[in-house]
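Worksheet: one structure, shown below.
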Amino acid sequence: MPVSILTTDKLGVTFPDGNGGLHALGEVSFSIAPREFVCVLGPSGSGKSTLLRALAGLVKPTHGRFSFDSLDSPPRIGFVFQQATLMPWRTVLENILLPLELENVPAEQAREQAQEMVELVGLQGFENALPRDLSGGMAQRVALSRALIHHPDILLLDEPFGSLDALTRERMWMELSRLWQARQTTVLMVTHSISEALFLADRVLVLSARPGKIKLDLAVDLPRPREDEMRYTEHFGRLARRLKEAIE
């Protein structure tokens, strides 16, 4: 087995509520290998987003632990939320540049890297556009670019396409799959969509109802690169049924 980049051991989160606490996330244990794409499914309230926020350091676990095992320094973490959360006064290029500015990367080098990301996600010609002038899908491409530009050790995605219409969402599956193939970044992604999880992931973790615990760890043995027609095959359907049964 490959060395893991992330390991959680009985990780749990309880939020104080004056009534014994709200147990948002039960004892969750799993590991992720470098360059692996893992999706997390589960019913609403099962702790999927809480899991990501704990790993990002935004929520403090109340029990258990997690570690970034194969890294010699603190991990670089990229985080993309359901909404693009772009700075409205900054252009596309300036939004993408932000992580490099915070790391004091020389300006010329930073702009070259940002322009490479613009071209990678197909936003040429929109470098000087403001977020208000972008479609939802374009805004999420900017958010993905901003999260990827500093070469994170792990990319955390919290339903990044959940607010998009169905057709745009499916186009973004292809876009994210292509980006992952190009960058080979380790990804942990929360989604409510079984089809989205199967189309994108190497593995799918299914959480139980709150407090969320892992009910199923399913390997997705579909060939890459993934094509849209794959979603209509018998094997895709069988995998989808297994996930649906686990969620129900």
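Worth a mention:
- Between Leu164, Leu198, Leu179, the distinction of being in the same structural domain as Ser44 (by TED's automatic domain parsing) and more than 27 Å from Arg90 (Cα to Cα) belongs to Leu198 only.
- Whichever residue in the stretch 5-38 is surrounded by 20 or more Cβ atoms within 10 Å (Cβ to Cβ) and among the β-branched types (Val, Ile, Thr) and, among such residues, is farthest from Leu52 (Cα to Cα): Ile5
- Within the option set Leu218, Leu243, being part of a helix (DSSP H, G or I) and in the same structural domain as Leu25 (by TED's automatic domain parsing) holds for one residue only, Leu243.
- Scanning the stretch 109-132 for residues being surrounded by 15 or more Cβ atoms within 10 Å (Cβ to Cβ) and not basic (Lys, Arg) gives a total of 14.
- Taking every residue in the stretch 229-248 that is surrounded by 11 or more Cβ atoms within 10 Å (Cβ to Cβ) and pairing it with any residue that is basic (Lys, Arg) and not in a helix (DSSP H, G or I), at least 6 positions away or on another chain, the pairs with Cβ-Cβ distances below 6 Å are Ala246/Lys215.
The values are calculated or read from the model by the stated rules, or taken from the named source; none is laboratory data. Predicted model only: the values in this text are computed from it and were never measured. Neighbour counts run over all protein chains shown; Cβ positions are idealised from the backbone, glycine included.
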